[in-house]
Amino acid sequence: ATNRTFTMIKPDGVEDGHTGAILDKITASGFRIVALKKTQMTVADAQAFYEVHSERPFYGELVEFMSRGPIVAAVLEKENAVADFRTLIGATNPADAAEGTIRKMFAKSMGENAVHGSDSDENAAIESAFHFSGREMF
Ligand code: CMP
């Protein structure tokens with residue numbers, strides 16, 4: 001079925017000038033852009049967004065990284081969007097990411113891995129609502 005996922009081009013991807021190339025790869029792969037904006041998360045925003053990881057050893061580093069500069073947030077629509085987008089971005093660690101995936105092409109490390117992709121339909125809806133109001137989705 002057609003469904004939606006949520007993505008962010010993370011601060012490393014934006015800083016390195018990869019925004020256009022990443023969006024091009026996403027649309028060329030058949031995803032329709034439902035919502036799109038450049039924004040910056042505050043420390044409090046990043047803490048809340050990554051609440052599920054709050055007990056992990058990398059949480060502090062993750063929050064600092066995700067709030068250090070602008071991101072590009074988007075809601076994407078496609079047949080089987082959540083799973084297909086995770087295939088498109090590749091493994092969390094770019095060293096393990098398949099050839100041709102966004103993380104293989106643009107990510108630097110496990111922490112600074114260029115893009116986010118929701119891991120379930122439920123989280124896609126929660127994460128989309130975190131960044132976008134209903135009036136910003138088309
Ligand atoms: P993502 O899967 O989008 O969301 C959780 C993020 O935590 C993950 O991307 C990485 O950016 C980060 N992360 C996961 N594991 C580690 C780790 N071992 N060290 C640092 N950051 C990590």
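Just so it is clear, none of the values below were taken in a lab; they were calculated from the coordinates. This one's a predicted model, so the numbers in the text were calculated from it and none came from an experiment. No Cβ is skipped: glycine too gets one built from the backbone with ideal geometry, and neighbour counts run over all protein chains shown.
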The stretch 3-55 - Rg (one decimal) and Dmax (whole number), Cα, Å: 13.1, 37
Quick shape check on the chain: root eigenvalues a ≥ b ≥ c of the Cα gyration tensor, a/c under 1.5 is rounded, otherwise prolate if a/b tops b/c, else oblate, and it reads rounded
1/(1 + (r/R0)^6) with r = Cβ-Cβ of Thr39 and Asn80, R0 = 22 Å, i.e. FRET efficiency to nearest 0.05, evaluates to 0.20
Assuming 0.36 nm per residue, please report the length gained on full extension of the stretch Ala129 to Phe58 beyond their Cα-Cα distance. 23.1 nm
Going highest first, how would you order 37-48, 79-90, 12-23 by mean Cβ packing within 10 Å? 79-90, 12-23, 37-48
Determine the relative contact order of the chain: mean sequence separation of Cα pairs under 8 Å and six or more apart, normalised by residue count, in whole percent. 38
For the chain, the dipole about the Cα centre with charges only on Cβ (Lys and Arg +1, Asp and Glu -1), to the nearest 20 debye, works out at 360
